[in-house]
Structure formats: structure tokens, C-alpha cells
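Novice: Dropping a structure here in C-alpha cells format, bear with me for questions.
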Amino acid sequence: MSNEKIQAELAKYEASVEKAIARFPEREHLPEKRLYTPIDIKDTDYADEISFPGVYPYTRGVQPTMYRGRFWTMRMYAGFSTAEESNKRYRMLIENGATGLSCAFDLPTQIGYDSTDPISEGEVGKVGVAIDSLADMETLFDQIDLGKVSTSMTINAPASVLLAMYIAVAEKQGVPADQLRGTIQNDILKEYAARGTYIFPPRPSMRLITNIFEYCSKNVPKWNTISISGYHIREAGSTAAQEIAFTIADGIAYCEAAIKAGLKIDDFAGRLSFFWNAHNNVLEEVAKFRASRRIWAKVMKERFHAQNDKSMKLRFHTQTAGSMLTAQQPNNNIVRVALQTAAAVMGGTQSLHTNSRDEALALPTQESVTIALRTQQIVAYESGLADVIDPLAGSYYVESMTNSIEAEAWDYIKKIDDLGGAVAAIEKGYIQKEIQDSAYKWQMDVESGARTIVGVNKFQMEEEPPKGLLKVDEAVGERQKAKVEAMKAKRDNEAVKAALADLKKACQDENENLMPHILAAVKTYATLGEICNVMREVFGEYEAHVSL
Amino acid sequence: MDIAEELLKGNRLALSRAITAIENEYDEATDIMKKLYPHTGHAYVLGITGPPGAGKSTLSDKIAREYRAQGKTVGIIAVDPTSPFTGGAILGDRIRMNGLTLDEGVFIRSMGTRGSLGGLSHKTADAVKAMDAFGKDIIIVETVGVGQSEVDIVKAADTTMVVLIPGMGDDIQAIKAGILEIGDLYCINKSDLDGADKLVREINMMLDLDSLMTDWRPPITKVVASQNEGIAELLGTVDKHRTYIEGNGELAKRRTKRTRDEMLDILSSNIGSYIKSKIVDSGRLDGYVEQIKQHKTDPYTVIGEVMGEMLK
Amino acid sequence: MEKKIRVLVAKPGLDGHDRGAKVVARALRDAGFEVIYTGLRQTPEQIAEAALQEDVNVVAMSILSGAHGHLFPKVVDLLHKNGMNDVLIIGGGVIPEGDIPALKEAGVAEVFTPGTPTGDVVKFINEHVKL
């Protein structure tokens, strides 16, 4: 059928259904259009915009074979309490078929405080495992071969310190650094914009990040040095287009910082990875994943003139949306997570964490974690969604939405460029404000009933309070404090002092790469807090920009 | 508790409650102020104003720290606009001063402009007096320099500082014109941004054209508040201004004028509410309005009658 | 007289998830309250002192890290020590049902868990604060 013919038929169709389509107030946020046709993608050139998997602009995926080669890495984010407890959970996950580890650290660790610091009180071991020194890291990976497993660490402001500890543990296991595989999150910009676990101001933070890029490109070449994260931006309330736009703007800022520090784009860009959220609207999410690959490929090619294909491939980890889990009727969350998993898989993710049904209530129990992992396995082995590559390509709706999300994201990226880049936009509070406005709108839509959340504002029912939630032992903090004290009594405190003094000097010299100095310090069993305090002294601390 | 008595003994909660009484116009506020008044007049009041986004709160934070380092105690009153639509407000200045919260020598109070713009300057002035009686050496009053009433607030300060930042484009022209005559000092914040020197030149040009200029020419100081750069120098200019107005009698003149303005302000506000309560509560107002609407009489005649009756 | 309900919205502890706190702060403003937002990582001491200086009627705290059992009672305690016995203290965040009785026992008037409409918070404050 010619486009003219389709257009004419479409007009007839629209006229015929105009009166027949019910108008639900709660569906106001849906796209105005109800039917997509070839006309919606008539300007989309297959070769330029879609193409083949593994071929620029990678809309259909970064690998030629995708899941016909191998499935995504089923990587469950876990960690709580002490290193011993978390080590047990990791080994359980590996026995159950998880193919990668993902470490959650507690908040004091994420913000560079020791468990013994007064500010850590009540927080030790709560949202992740407490790591105070190399000793804890040795326990955490006890009997886990770091040469075989790939490990993702959700650590940002003190990423350099935790990476150094990981390298040091591997060294003790006899695994050379160039064999290590894994990822550190290391994305400070989204901490300022959305997640809140920052320590230092932007400038020294960007320096630490580029130091890691440089060090790893020479010494830990298989390591993903950053996971540029939209996940938390989305959790904070952004839209799908904002999620990828703000994150790619952050990615641009990291590349510019690294180039300014003297690195060449193709030396580090291949080790950059991304981290996306899988939200409830399945098809919108698939379009978002596809659009993100296309935008990044264009950014790398046209803006940074990357030559290496690897630099242009946006590889990403996905986590299902924590903010979409409901405390009401928590078993419904299993279904939500299954749909989100479907979106991530049809969107071509490289690895996936699935949330557990009880996470709106507490940390997940072992049983809930198992269901979440099984969800991935069912999608992989039973659903057929992984049988062909990019199964939704060619859908008028999905291709058209991929285009429109891409266009919306470019508008934001341009706006951020005009403000002077992501760092300046965050310092001006622009990105935070955009996210907050979207979050507020979402909440008001839920409260007015314009947006339905099953079990929350519709289909509610009386429920028994949930039973069997995981409780972190409140004595964990005391136990961990005692461990730190005992460790400090045993170590060579003179060596610690010397290493910290050396680190301080290195911090003061902007041209010095800090990684070797941090590695030397962790090997003396200097604590995370001691190391971060040295850096706080030299770098200062970030003061948040808040505008409501 | 006897709020005034406790306040004078140094009870922080009493100071806080006194300001609430002033803000909410509780009946006891008048009694509190009567008891506090003899203990006022010691603090030096620094007004800080400027357009939104000029970094006033960060600047107040750094200024307060500098005064603390000099051993002085500090009170801060941060005024933020109330939404005219909802009557609510986000009072967000405090967030930039979190580091001062636990310093016992500092007391920070956020205030919303609320509806009655007329009464605001008078309420702020009373809050300043409460902090003064409490024993604060320096009181900083910080407000967005956009509306007349907010300008009135800072005009009540001993020294008024106008904060500007580079690169605000044409918007700043109007603001500059509006607040030019009230600045005893100018502070260019975020002066590491492009355009700082241009802004200094522009202000100098305007000062050159100011025909009312006395022999005090407002100094212009460049700072980067977030980096704590230039703060000591800025306070040097505050001290210089203070010495200047103390020496030539200007401070005494300003305070006399302020007392006079306050007297008239309170008087007219009290008379106003007295008359209003008389004619509104008795329902007479509705009657008048109806008659005026029907053109049986006019507002001027009615007011003449009411005034004659009330003030005889 | 122009009375306004004043609310301190605070994030005690170290978690950076302030989506809820910010949405609530805005909703309270839109309900006509004066809202003082303290930002992240406030210690119980800072929260209690800010509440005192601002003479708020309500202290609303949000925690998603699981540290509520330790931090909420500490803030209540410090507020009482400051002589603020009449301030309404409410909490929100990821807080298991089973922990709520102990928090109420400690002096937290109400705990709002995920999915609560902001309108419920406004209503609760209006019903429990007398000016």
C-alpha cells in the first residue's frame, strides 16, 4: 500500500473510531495516538537509523549475536550486614546459577566513613555490607575465585578505594589485575543529581574518576571503570527520556574530563558502561533502551570522533524499578518485575538485576531473591523473548517511539550543553529541578487517579501485615566496630601513617594519579574512613544544591 | 513560661517562641516586646539583599562563620516569599547554613513573607529586636530584593549590602535600578564567572551618575562565597561603613528615623485594625458597600463619617 | 492574626533517597504550610536544634536506609530535652509494619509507609496541630 493510500485509510479509520473510543480520565497520560502505521516511520532509514545488531548506530544491539550467543548476565545485587553474612549470600547465588556478583555496600562505606564513626550509628550493615578495611574485603570474597567471577560494585565517591581493595584481595589469591572482570559504579554526577552519596566537590571527584580510567587502561584492562547510571535518576522521579538524556550528558562530561586530562577517547571509551532502569511501561522502555544506544553511538562518533567501534557501543546493566514496587499486595510485584524483565530483555541488556517482591517493605528475604532470579530464568528459557535479536524492531509504534524519545533526549542534551555541560547544570540545580518536577507530577497523577497503580489507588483490599521480613541484626554495628578496633590493634600503624602521609601529598599534586597511592594505603590496612578523611582534608566536601 | 524573662536569661526556645508570637501576631507579642525593648540597641544589623540565585544564603553562612571566628555571636533572619496562590512557602535558606545549626553562638530563623506585605517589615524589625535583646552581636537580615516591602526590610538595617552575580543579562538592569540607592555596599558573588569585571564597571558607572552621592562611595567587593574567597575583605568594608556612619552621626540618624517610621507604622496599623474591626465585625461594611454600589452615597463620604465617629 | 503551620522536613541518617521527602515538602507547601527543608545527612542533634530555632509545629522525617529504629527515637528524645513537648513528630519511608508500634511507643505520632497519598499527610497534620 502506498503512503498516500495508508494516509487516506487512516483518516477513515480515525473518523470511524472517534466516537467509539471510551475516554477514561485515568488514561490521560497515554500517548494521544492509538494506532501507528508505516507513515509514522516513513522517514526512518533502515541503514542509517536501525541497521543490524553489532553495526552502527547499534539500535538493535551491540553484539551481532546477542542472546543467540549467550544470555545476559544474571547479576543479583546483594549485600547486607557483615562481610561473613554477605559472603554466604554470594556463594548461595553462585550455586543457584547467578553468573555475576553485585555488591551492595552500607551507607557509611558509600560515604567514606568507618563503622566506628559516630555518624555511622544505626546505619552499619543496613543497606549493604560494611567494609572498613582490606580485612573485610578478604572475608567478603573468601572462597570466591576472583579470576572466574565478574563483580559489580555499587560504589561511587570512594570507588577508587574499594577497587584498590579488590585488586589487593585478588593479588593475595594469586589472580593478576589484568585478569579481573567487573564494574565499579564510579558515577559521581548522578550522586549529586539524584542519589545523594557524594563526598567531595565535583572537581576533585572528576579527577579521581579520570585517574581510575587511566590506571585501569594500563593495569586492569578488562575492568569496566564506570557505570554511568540513569537508574537512580529514574528512581528519583525522572521520565524515560530524562533518564537517558541526563545520563548521556553525564557520560559526555566524563569523556571531556578524561580528554582534558590527556587521555585519548579510544583508550577509555570502550570500558564505559551504562546502567538503566526497567520501568513498568514495557514498550516505552524497549524504545528507551534502543534510543540510548543510538544516541551514544552518535555522540561518540560525531562529537568525540571515536574510531574504534567498541567506543561507540553502549553496553548496559539493567535493574528493575525499585520505585515501582508497592508495599500494598506485595506479591503483585512479582508480576511487575516479570514485565520489567521482559522490557530489559527485549531492549537488549547486557546484564540484569531483578528486584524482589518485598523490597518496598524491607531488605529481601532469601526466598524472595530466589523468585526474582527465577523470573529472569523463566524469561530466558521459557518465554521465547530471547529467541530472536531485537524482536520489536519494525514495530511502527516502537520504532516511532524510539525516534521520539531520541528527539526529546537530544533537546535536553542541547539544553545542558547551553548551560555549560552536566557539571554546570547540576551546580545550577537544573537537572535536580527537572527530576523533582517530574516526580511531583507523577505523585499528583497517582493521587488524582489520573494514573492507576494497582493495589495502591485502585483495586485496594484489606491485608494482613506481611510476615517473615528480613531483619538485620541490630548488633551488627557493635560487632563490626569491635572488628575494626581489633584490626587496628594488629596492623603496623607506622606503615599506615606513612602511607596516608604519602597519599595526602599525592592529593595535593593535581598531576599525580592517586590510584597507586590508594592501593599502597589499603595494603597497610588503612581504613576506608582514614583514607577518605585524608582526601576530605585536601579536597573539601560537596555542598548540595537544593531548590524545591 | 514567661517568654520575655526566659529569653533574657538566654533560653533559646524562648527566643524562638517570641519570634513566633511576633509572626503570628499573638496578643502576648506586645507584652513581650515591651519587656524586651529596654534590652535592645546593642546589636549591629546587616541587611543582605539581591536577586534570586545570587547566593545570598551561602554568603550569609560564610559571613556568619567569619564573625564567629572574630568571637561575635550572630542571629540570622532569612525571609523567603510565600506563594500567593497557596499561602504556603518553602523556606529553603537554612539548608545552606546547616553547618551553623549546632553552633550555640548562632541562631537562624526562616520567615515567610505571608500575605500581609504591609506588616512584614514591622514583624521582621521586631524579630531583630528579640535577637538583639537575646544578646546577639550581629544580626543578618537576608531577603530577596524584588518587592518594595522586602526592600523596606533591608532598609531597616544599619548597613545594607546588595549582592549581585555576573551574567544575569538584562533582567538585572531593572533590579539594579531598583536597589541602587539602598546599597551601602556591593558584593559581586560568584566572581569567578565570566563578566564579573564588566559588572563592577557597570555598577561604578551607575554610582558615578548618582547625583545624591554623599562622601561615602559604596565599595564593590568581589567574592566567591562557595569557596569562602573574599569574605574577610567584604567584612572589612562592613566595618568601614560602620565606623563611617558611627563617626558622622549617620547611624544615630538612621536609627532615629527607623524608630520614627516604626512608631508611625505600628500606630497606623493599630488604628487601621481597630477601625476595621469596628466596621467589619458590626456588619456595617456590607451595608456601606451596598449603598455605594447603588450610588446612594460614595466611599469618600462614608469614610469621612466613619473617621469622624471613631476619632472624636 | 496570620498563623501558619510550620513543618520541618528532615532526612536523618545517611541515605540519599530524597524523592519522597521533596515530594512531601512540595505537597505541604501547596497545602499552605511553611516548610523548612533541611537536606540530606542531618544528625538527630541538627534536626532537633533546627526544629527549636524554627519553632515548628511538626517535624516530618524520612528514612529509607533502615536506620529509623535508631534515629527516630533519638530525635524525639532530643526534642523533648529541648522543651519541645508539643511538637508533632511523624515519619515516613521504607519502614516495616512490625517496627511501627515501637516507634509510636517512642513518641512518633504516625508513620507513613510507601504508597501513602500526600493528602493523607496533610490531613493528619491539620487534624493534629492546634495553633
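Novice: Within the set of pairs 6+ apart or on separate chains, which have a first residue in region C:2-29 that is over 21 Å from A:E235 (Cβ atoms), a second that is charged (D, E, K, R) and in a loop (DSSP other than H, G, I, E, B), and C-beta atoms under 7 Å apart?
Specialist: C:E2/B:E25; C:E2/B:R114; C:K4/B:R114; C:R6/C:D55
Novice: Take C:G83 and decide whether it is of a type outside the set (S, T, Y), within 13 Å of chain A (Cβ to nearest Cβ) and part of a loop (DSSP other than H, G, I, E, B).
Specialist: So C:G83 does not fit the description; no.
Novice: Now for a separate question. Closer than 23 Å to A:S323 by Cα and at pLDDT 95 or above: does that describe C:D99?
Specialist: no
Novice: Here's something else I'd like to know. Based on this model, can you work out whether B:K62 counts as surrounded by 18 or more Cβ atoms within 10 Å (Cβ to Cβ) and more than 10 Å from chain C (Cβ to nearest Cβ)?
Specialist: So B:K62 fits the description; yes.
Novice: What number of residues within region B:8-50 are among the polar types (S, T, N, Q), in a helix (DSSP H, G or I) and surrounded by 17 or more Cβ atoms within 10 Å (Cβ to Cβ)?
Specialist: Matching residues across region B:8-50 total 2.
Novice: Restricting attention to region C:25-62, and to residues there that are of a type in the set (D, E, K, R) and facing another protein chain (nearest Cβ under 7 Å), which single residue is farthest from A:E121 (Cα to Cα)?
Specialist: Residue satisfying both the conditions and the ranking: C:D30.
Novice: Looking at (1) free of Cβ contacts under 8 Å to residues at least 40 places away in the same chain; (2) of a type outside the set (A, V, I, L, M, F, W, C); (3) in a helix (DSSP H, G or I), which is the one condition that is false for A:D445?
Specialist: Looking at each condition in turn, A:D445 falls short on (1).
Novice: Now a separate question. Limited to region A:357-372, what total is found for residues that are within 14 Å of another protein chain (Cβ to nearest Cβ) and outside any loop (DSSP other than H, G, I, E, B)?
Specialist: Within region A:357-372, residues that are within 14 Å of another protein chain (Cβ to nearest Cβ) and outside any loop (DSSP other than H, G, I, E, B) number 1.
Novice: Tell me yes or no: at least one residue of region B:85-106 is at negative phi, in contact with a Phe, Trp or Tyr (Cβ under 7 Å, 6 or more places away or on another chain) and of a type in the set (A, V, I, L, M, F, W, C).
Specialist: Yes, there is a match, as at least one residue in region B:85-106 is at negative phi, in contact with a Phe, Trp or Tyr (Cβ under 7 Å, 6 or more places away or on another chain) and of a type in the set (A, V, I, L, M, F, W, C).
Novice: While we're here: Do you know which of the residues in region C:86-103 that are assigned to a helix (DSSP H, G or I) and of a type outside the set (A, V, I, L, M, F, W, C) is farthest from the other protein chains (Cβ to nearest Cβ)?
Specialist: Here the residue is C:P101.
Novice: Here's a follow-up. Among the residues of region B:107-117, count how many are more than 9 Å from chain C (Cβ to nearest Cβ) and either under 23 Å from B:A14 (Cα atoms) or buried (at least 22 other Cβ atoms within 10 Å of the Cβ) (or both).
Specialist: 1
Novice: Can you name the number of the only condition in (1) away from chain C (no Cβ under 13 Å); (2) more than 18 Å from B:V128 (Cβ to Cβ) that B:I95 fails?
Specialist: Failed condition: (1).
Novice: Only one of A:T375, A:T354, A:T402 is away from every other protein chain (no Cβ under 14 Å), crowded, with 21+ Cβ neighbours inside 10 Å and without any contact (Cβ under 8 Å) to a residue 60 or more places away in the chain. Can you tell me which?
Specialist: Answer to the selection: A:T375.
Novice: Let me spell it out: the conditions are (1) crowded, with 24+ Cβ neighbours inside 10 Å; (2) at pLDDT below 95, and A:F316 meets all of them except one. Which number is the exception?
Specialist: (2)
Novice: Hand me the list of helices (runs of 4 or more DSSP H) wholly inside region A:95-186 holding 2 or more residues that are in contact with a strand residue (DSSP E or B) (Cβ under 8 Å, 6 or more places away or on another chain).
Specialist: So the answer is A:134-140, A:159-173.
Novice: Pairs needed: first member in region C:115-129, within 7 Å of another protein chain (Cβ to nearest Cβ) and assigned to a helix (DSSP H, G or I); second member anywhere, buried (at least 17 other Cβ atoms within 10 Å of the Cβ) and among the polar types (S, T, N, Q); C-beta distance under 8 Å; at least 6 residues apart or different chains.
Specialist: C:T118/A:Q443
Novice: State yes or no: is A:G112 within 14 Å of chain C (Cβ to nearest Cβ) and within 23 Å of the chain's Cα centre (by Cα)?
Specialist: yes
The values are calculated or read from the model by the stated rules, or taken from the named source; none is laboratory data. Predicted model only: the values in this text are computed from it and were never measured. When we count neighbours, we look across all protein chains shown, and the Cβ atoms used for this are built from the backbone with ideal geometry, even at glycine.
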